[in-house]
1. So how compact is region 135-411: Cα radius of gyration and Dmax in angstrom?
2. Let me know the Rg and Dmax you get for region 311-412 when you use only its Cα atoms, in Å.
3. Decide, for region 241-297, between rounded, prolate and oblate: order the square roots of the alpha carbon gyration tensor eigenvalues as a ≥ b ≥ c, take rounded if a/c falls under 1.5, and otherwise choose prolate if a/b is larger than b/c, else oblate.
4. Sort 401, 177 so that the residue with the fewest other Cβ atoms within 10 Å of its own Cβ comes first and the one with the most comes last.
5. Using packing as a proxy for protection, rank 222-232, 362-372 so that the peptide with the highest average count of other Cβ atoms within 10 Å comes first.
6. Answer rounded, prolate or oblate for region 134-208, using the Cα gyration tensor with square roots of eigenvalues a ≥ b ≥ c: rounded when a/c is under 1.5, else prolate when a/b is larger than b/c, else oblate.
7. Hull surface divided by four, with the convex hull built on the Cα atoms of region 222-361: how many nm²?
């Protein structure tokens with residue numbers, strides 16, 4: 001009994017010694033301060049320690065460039081550009097804002113007149129662009145006269161007088177008017193003779209100091225060449241008669257030329273035909289360049305009928321006249337033609353009184369009575385290219401013309 005008890009106590013003692021040894025080893029393992037103090041921190045390689053500083057950071061590497069961003073077809077407000085930051089990655093390339101479009105009603109395309117369109121279709125297209133413009137063509141029948149006289153020392157006063165009378169002309173005229181902004185307008189006409197109606201007459205009279213006729217002859221004028229053109233710029237300045245009437249003022253320029261050719265010589269003092277009427281004996285050409293100031297009155301009686309008065313004063317006109325005596329071309333006489341030259345200036349008046357009738361849509365016919373007169377004085381040179389050339393005062397040179405015109409206008 002005692003030996004067994006002794007053996008058990010020995011076993012228990014041995015186990016206790018062994019257990020203490022194992023526990024001490026375990027305590028020493030858990031609280032080993034040297035291991036704890038010298039074990040490196042997990043982030044020591046990045047931030048370093050008191051004894052081991054952190055390694056130098058590698059230089060930054062720029063990111064690879066990126067492809068530009070395609071801008072969508074939308075209105076984008078990019079906003080203000082950011083301020084650059086040193087060392088930051090480069091900003092992407094700015095993208096231009098997309099173009100913006102405003103949705104509008106599309107206009108019908110303008111195309112030239114089709115070859116298949118009639119005259120009405122073409123005129124309709126022009127009317128849209130030039131609304132209010134007027135184009136017209138007309139004919140006129142008029143008669144006129146040009147006369148001049150001069151005084152030479154030691155002779156009558158006047159010494160000589162020539163009158164080109166009954167110069168009837170059938171003429172063609174083109175007319176146009178274009179409205180401008182702020183009630184301004186521009187208009188113009190061009191006319192020229194296209195035929196004679198009967199013969200005119202030239203009378204050439206010479207006087208002595210007692211004003212007694214020493215020579216008086218007549219020549220027929222089978223041909224008169226008429227040409228004129230003018231342009232005015234004006235503005236409508238007033239309305240009246242319940243806005244049916246209007247007053248416009250204008251200023252403009254006019255060129256007017258007439259040529260007369262005389263044939264044959266009939267001596268009125270002897271009552272004899274001294275030169276055949278088939279022989280050209282004289283030629284006269286007068287030119288007028290005039291500055292015009294005027295007023296245009298219109299009164300619309302009803303939807304169809306309009307009355308007008310077109311009045312102009314010519315404060316200045318420049319005159320040039322060439323008279324050629326074809327049978328007096330010797331150097332000791334009047335010399336080569338033109339052998340009588342006149343230059344001067346003067347003034348004049350012009351008036352047209354008309355009636356217009358709107359006979360169809362956009363079509364108007366007009367009839368007007370017209371009267372023009374210009375007067376001047378100056379100098380006359382006899383035989384400028386002869387051996388007997390002489391210069392005298394030109395007492396006056398006057399031209400007038402009146403007649404009836406008819407015109408058809410298209411109003412756009």
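1. Rg, Dmax (Cα atoms, Å): 21.8, 71.
2. Gyration radius and largest Cα-Cα distance of region 311-412: 20.9, 67 Å.
3. Prolate is the answer for region 241-297, as a/c is 1.5 or above and a/b outweighs b/c.
4. 177, 401
5. Highest to lowest by the protection proxy: 222-232, 362-372.
6. It is oblate, given that a/c is not under 1.5 and a/b is not larger than b/c.
7. It is 13.5 nm².
No lab work stands behind these numbers, since they all come straight from the coordinates. Note that the structure is a prediction, hence the values are computed from the model and not measured. Neighbour counts run over all protein chains shown; Cβ positions are idealised from the backbone, glycine included.
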